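This report concerns only the one structure given below.
The values are calculated or read from the model by the stated rules, or taken from the named source; none is laboratory data. Owing to the predicted nature of the structure, the values given are computational and were not obtained by experimental measurement. Neighbour counts are summed over all protein chains in view; Cβ atoms, including those assigned to glycine, are modelled from backbone coordinates with ideal geometry.
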Amino acid sequence: SENEPSWETPCSELLVYVSTPGCDGFPSLDSKESYKLSVSKGSMLLSAETVWGALRGLETFSQLIGRDENGTYYINETEIVDFPRFPHRGLLLDTSRHYLPLRAILETLDVMAYNKFNVFHWHIVDDPSFPYESSTFPELSKKGAFNAMTHVYTASDVRAVIEYARLRGIRVIPEFDTPGHTLSWGPGAPGLLTPCYLGKAPSGVYGPINPIVNSTYQFVASLFQEVSSVFPDYFLHLGGDEVDFTCWQSNPQVLAFMTEMGFGEDYKKLESFYIQRLLDIVSSLGKGYIVWQEVFDNDVKLKPDTIIHVWKENVTPYLIEMANVTRAGYPALLSAPWYLNRISYGQDWIAAYKVEPLSFQGVPEQKALVMGGEACMWGEYVDVTNLTPRLW
Amino acid sequence: HLTVTEPVAILKAYEVWGALRGLETFSQLVHEDDYGSFLVNESEINDFPRFAHRGVLLDTSRHYLPLKTILTNLDAMAFNKFNVLHWHIVDDQSFPYQSIYFPELSEKGAYSSNLIYTPTDIRLVIEYARLRGIRVIPEFDTPGHTQSWGKGQKDLLTPCYNGKQPTGTFGPVNPVWNTTYDFMTKFFKEISSVFPDTYIHLGGDEVDFSCWKSNPEVKEFMKKQGFGTDYAKLESYYVQNILDIVSSYNKGQMVWQEVFDHKAQLKPDTVVQVWMANNYAHELSSVTGAGLTALLSAPWYLDYISYGQDWKKYYSVEPLNFPGSEKQKKLLIGGEACLWGEFVDATNLTPRLWPRASAVGERLWSSSNVTNLQDAYKRLINHRCLML
């Protein structure tokens, strides 16, 4: 027909040119993901500084290809110079509230790659279950997983996730959230959690990790030594959110410790005491860390490159928190408006899209401290039967 | 009636449909021990549904649903003792129903030529449902919600006007032309023979009068009929004609509540489906007070998703909580969980509908005093695992 385009000679190959070798390495926060894509008569060229940029360019290239009614694949002449606005573009999956089989995680990594996400924030354990099979402390998953045979991530599962992610230019940042959100740690680590008291007797219920005993810090050091070697990324997420003080307040030994340390009635000081020791341990393991915003809000002493993860939406508007965090000189990650587990009727993607992470009051140096953000899919109401259509 | 003892278990029912319900219950009683043996506890069960009409509405116009999705959901419905599939098969957006008399309707009105339901597909759904004791009630919603009909049937929809000129857009079905009723007579003859259930749903909801008001022929007709400026009267005139047509094929009619609200003359066995959430108890009183049969959907629009355990609010509905006599309450024959398709297709239908619809299923089957949420929660989480 007259409107049919006259096809040029078919392009048979896309030349990929990468200036810095790195196929065997891991992506990092500093990785350069820019690329150039040139498609013209007779030649298609993708060039990037790093393999990670090439991956992004390949993804774009794959999206540019169309197919006409005759089945012919075609691509328009195009000149693209592309690079990400934010270096940390993450997705959080929660495998504690509900176990997610490996295939669900791997499928998610695929879709993340389609959308140029580059960080998988693996919120791997929490109150309800401990699926992470630790070689140092096998009892943790034995006693803490929903089912120690079927609902765990073995060392080889974890390696599979890390490698599958790496091949897609995705960093895997595990989160071992403490001192709160640790109920499932208790059964496999007796003496770790604070026993709550009812009057003078233990009630049988447990609270956050016990910050006053040395055994806690020995345990934490050993566990994080293992975690630091299992997960190659420079960063670990240490949690630190939603610590409920009531159990600490009920425990006589804790009360005595508070007096001894001169903390008075301020349990934030006790929380800081724990977190500071945790941060020192992790630092000494050569890792950087990300923490939820409470750690910053509660005046814990932090290293200057600690990344603060802003998630709260109710009390303080998150933009104000972003301003506060960056004004104090810390890098920040934004998740507050992107809690995708909070479903609602209709086209809620619009509200997520309209978020402007830098629309807070601050000088350019502050804005430069915003590393990016993460969409969070908390697992209270999510498992493999509904994860994918809920997230994408 | 189900008795489980040694050496046999006995299931007795008046009709095969009761046997199906009993088999479903029996299947849920069977559990596995740690060694893999299947066990049933000694039991004596006398069971019967509280409401006779326990339905699920699926919308295959906003998004086409492949056969597999429909059949999977019929299975899930059977697990929850639902017994009516209300198939909202066509609407504004698309017309996937392949009509024998009017093939152009789907040829021009479906999203594409492979996103249709052929006569074979329809028969398959009806038979699959029948084997599960599920009635299939199709809904051909008119006079509103009919944009897709106009693609394949010229001169069916009302041309809208801007002053003296047609704008090129169309409104609801044109109620003033004889050809409209000729078409509907033939069309519903087909529908009446394709779908074996006694009832057909005729829609009648959300009719936008603005196009009618703009059309000079319609305005002329309004004058002639003495309807003044009350277009609800024109809507009722249309609806009454359709109801008569469908009656003549010995089919019962179901309609959305507007048909009743706008005072059309309804036959006493017309079923009025109450869907508007605002003060629906009051609407139930009005409908049953007028001696008409009612169906409740208003609190059960499952397409309205929200965060958390919303099954609880569906479970907590007490359908008979409306002012009325004993006689009136008997006229509420049941309800339907509706999953409208604006944001639903094969990629997300099943986890969106289930197990939330299970809450509605139990509310419609079980006795009115089965209301304990903690107990329901325990049973629902087990039930979900069984369904998976």
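Once the stretch B:1-10 is narrowed to residues that are part of a loop (DSSP other than H, G, I, E, B) and not charged (D, E, K, R), the residue that is surrounded by the most Cβ atoms within 10 Å (Cβ to Cβ) is B:His1.
Considering B:Ser236, B:Ser247, the condition of being modelled with pLDDT of 95 or more, surrounded by fewer than 16 Cβ atoms within 10 Å (Cβ to Cβ) and among the polar types (S, T, N, Q) is satisfied by B:Ser247 alone.
Determine, yes or no, whether A:Tyr345 is without any contact (Cβ under 8 Å) to a residue 40 or more places away in the chain, within 14 Å of chain B (Cβ to nearest Cβ), surrounded by fewer than 17 Cβ atoms within 10 Å (Cβ to Cβ) and hydroxyl-bearing (Ser, Thr, Tyr). Yes, satisfied.
Residue-by-condition table, conditions (1) crowded, with 23+ Cβ neighbours inside 10 Å; (2) among the aromatic types (Phe, Trp, Tyr):
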{"site": "A:Phe83", "(1), (2)": "no, yes"}
{"site": "A:Arg89", "(1), (2)": "no, no"}
{"site": "A:Ala113", "(1), (2)": "no, no"}
{"site": "A:Phe130", "(1), (2)": "yes, yes"}
{"site": "A:Glu139", "(1), (2)": "no, no"}
{"site": "A:Lys143", "(1), (2)": "no, no"}
{"site": "A:Phe146", "(1), (2)": "no, yes"}
{"site": "A:Ala160", "(1), (2)": "no, no"}
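Which of the residues spanning the stretch B:327-356 are part of a helix (DSSP H, G or I), within 14 Å of chain A (Cβ to nearest Cβ) and in contact (Cβ under 8 Å) with a residue 24 or more places away in the chain? Outline the logic, then answer.
Step one: list which residues in the stretch B:327-356 are part of a helix (DSSP H, G or I), which gives B:327-330, B:349-353, B:356.
In the following step, the residues that additionally are within 14 Å of chain A (Cβ to nearest Cβ) were identified as B:349-353, B:356.
Scanning the stretch B:327-356 gives B:Leu349, B:Thr350, B:Arg352, B:Leu353, B:Arg356.
With respect to being surrounded by fewer than 15 Cβ atoms within 10 Å (Cβ to Cβ), among the hydroxyl-bearing types (Ser, Thr, Tyr) and farther than 18 Å from B:Tyr301 by Cβ, B:Ser43 fits the description.
So, of the residues in the stretch A:307-319 that are under 22 Å from A:Asp266 (Cβ atoms) and modelled with pLDDT of 95 or more, which turns out to be surrounded by the most Cβ atoms within 10 Å (Cβ to Cβ)?
At the first step, the residues of the stretch A:307-319 found to be under 22 Å from A:Asp266 (Cβ atoms) are A:308, A:312, A:315-316.
With modelled with pLDDT of 95 or more added as a condition, the list becomes A:308, A:312.
Values: A:Ile308: 26, A:Lys312: 17.
This residue is A:Ile308.
For the stretch A:348-377, residues that are among the aromatic types (Phe, Trp, Tyr) and either in contact with a Lys or Arg (Cβ under 9 Å, 6 or more places away or on another chain) or away from every other protein chain (no Cβ under 14 Å) (or both) total 2.
Counting the residues of the stretch A:378-392 that are buried (at least 21 other Cβ atoms within 10 Å of the Cβ) and either more than 10 Å from chain B (Cβ to nearest Cβ) or touching a Gly at 6+ places or on another chain (Cβ under 6 Å) (or both) gives 1.
Close Cβ contacts (under 7 Å, 6 or more residues apart or on different chains) running from residues in the stretch B:1-21 that are within 12 Å of B:Asn46 (Cα to Cα) to residues that are of a type in the set (Phe, Trp, Tyr) comprise B:Leu2/B:Phe26; B:Leu11/B:Phe26. Has the stretch A:320-339 got any residue that is surrounded by fewer than 19 Cβ atoms within 10 Å (Cβ to Cβ), under 23 Å from A:Asn118 (Cα atoms) and either within 13 Å of chain B (Cβ to nearest Cβ) or free of Cβ contacts under 8 Å to residues at least 24 places away in the same chain (or both)? Checked the stretch A:320-339: at least one residue is surrounded by fewer than 19 Cβ atoms within 10 Å (Cβ to Cβ), under 23 Å from A:Asn118 (Cα atoms) and either within 13 Å of chain B (Cβ to nearest Cβ) or free of Cβ contacts under 8 Å to residues at least 24 places away in the same chain (or both). Whenever a residue of the stretch A:13-28 is of a type in the set (Val, Ile, Thr), its partners that are buried (at least 16 other Cβ atoms within 10 Å of the Cβ), lying with C-beta atoms within less than 7 angstrom and at least six residues away or across chains, give the pairs A:Val16/A:Leu46; A:Val16/A:Ala54; A:Val18/A:Ala48; A:Val18/A:Thr50; A:Val18/A:Val51; A:Val18/A:Ala54; A:Thr20/A:Glu49; A:Thr20/A:Thr50. Answer yes if at least one residue in the stretch B:221-241 is part of a helix (DSSP H, G or I), of a type in the set (Val, Ile, Thr) and either more than 20 Å from the chain's Cα centre (by Cα) or at positive phi (or both), and no otherwise. Taking every residue of the stretch B:221-241 in turn, none turns out to be part of a helix (DSSP H, G or I), of a type in the set (Val, Ile, Thr) and either more than 20 Å from the chain's Cα centre (by Cα) or at positive phi (or both).
Being more than 17 Å from B:Ser99 (Cα to Cα) and buried (at least 20 other Cβ atoms within 10 Å of the Cβ) holds for only one residue in B:Gly204, B:Gly226, and it is B:Gly204.
Output the residues belonging to the stretch B:129-164 that are assigned to a loop (DSSP other than H, G, I, E, B), in contact with a strand residue (DSSP E or B) (Cβ under 8 Å, 6 or more places away or on another chain) and under 22 Å from B:Lys68 (Cα atoms). Before you say what the answer is, go through the steps one by one.
The initial filter retains those residues of the stretch B:129-164 that are assigned to a loop (DSSP other than H, G, I, E, B), namely B:131-134, B:143-148, B:153-156, B:163-164.
Now drop any that are not in contact with a strand residue (DSSP E or B) (Cβ under 8 Å, 6 or more places away or on another chain), which leaves B:134, B:143-147, B:156.
Hit for the stretch B:129-164 is B:Ile134, nothing else.
Restricting the stretch A:66-125 to residues that are part of a loop (DSSP other than H, G, I, E, B) and among the basic types (Lys, Arg), the residue that is nearest to A:Phe26 (Cα to Cα) is A:Lys116.
A:Ile281 - would you say it is part of a helix (DSSP H, G or I), more than 14 Å from chain B (Cβ to nearest Cβ), more than 19 Å from the chain's Cα centre (by Cα) and surrounded by 14 or more Cβ atoms within 10 Å (Cβ to Cβ)? Taking the combined requirement at face value, the residue satisfies it. Of B:Ile122, B:Ile100, B:Ile126, all but one fail to be part of a loop (DSSP other than H, G, I, E, B) and of a type in the set (A, V, I, L, M); the exception is B:Ile100. For the stretch B:74-103, the candidate set comprises residues that are more than 14 Å from the chain's Cα centre (by Cα) and within 26 Å of B:Leu11 (Cα to Cα); within that set, the residue that is surrounded by the most Cβ atoms within 10 Å (Cβ to Cβ) is B:Asn80. Applying the criterion of being in a helix (DSSP H, G or I) and farther than 16 Å from B:Glu24 by Cβ to the residues of the stretch B:366-379, the residue that is farthest from the other protein chains (Cβ to nearest Cβ) is B:Asp375.
Can you name every residue in the stretch A:363-385 that is over 30 Å from B:Ile381 (Cα atoms) and without any contact (Cβ under 8 Å) to a residue 40 or more places away in the chain?
Result: A:Val363, A:Pro364, A:Glu365, A:Ala368.
Just one of the numbered conditions (1) more than 27 Å from the chain's Cα centre (by Cα); (2) basic (Lys, Arg); (3) not in a strand (DSSP E or B) is not true of A:Arg56: (1). Taking the stretch A:126-174 as the range and being among the aliphatic types (A, V, I, L, M) and assigned to a strand (DSSP E or B) as the test, the residues that pass are A:Val172, A:Ile173.
Do you know which of the residues in the stretch B:295-326 that are of a type in the set (Asp, Glu) and exposed (fewer than 13 other Cβ atoms within 10 Å of the Cβ) is farthest from the other protein chains (Cβ to nearest Cβ)? Lay out the reasoning, then the answer.
Initial filter on the stretch B:295-326 (of a type in the set (Asp, Glu)): B:303, B:310, B:318, B:326.
Checking the rest, the ones that are also exposed (fewer than 13 other Cβ atoms within 10 Å of the Cβ) come to B:318, B:326.
On the way: B:Glu318: 24, B:Glu326: 37 Å.
Step by step, filter the stretch B:295-326, then rank; the result is B:Glu326.
Is it the case that some residue within the stretch B:85-108 is closer than 26 Å to B:Asn382 by Cβ and β-branched (Val, Ile, Thr)? The answer is no, given that none of the residues of the stretch B:85-108 is closer than 26 Å to B:Asn382 by Cβ and β-branched (Val, Ile, Thr).
Across the stretch A:1-38, the number of residues qualifying as modelled with pLDDT of 95 or more, in a loop (DSSP other than H, G, I, E, B) and closer than 14 Å to A:Leu58 by Cβ comes to 3.
Within the stretch B:11-68, the set of residues being assigned to a helix (DSSP H, G or I) and either within 17 Å of the chain's Cα centre (by Cα) or at pLDDT below 95 (or both) is empty.
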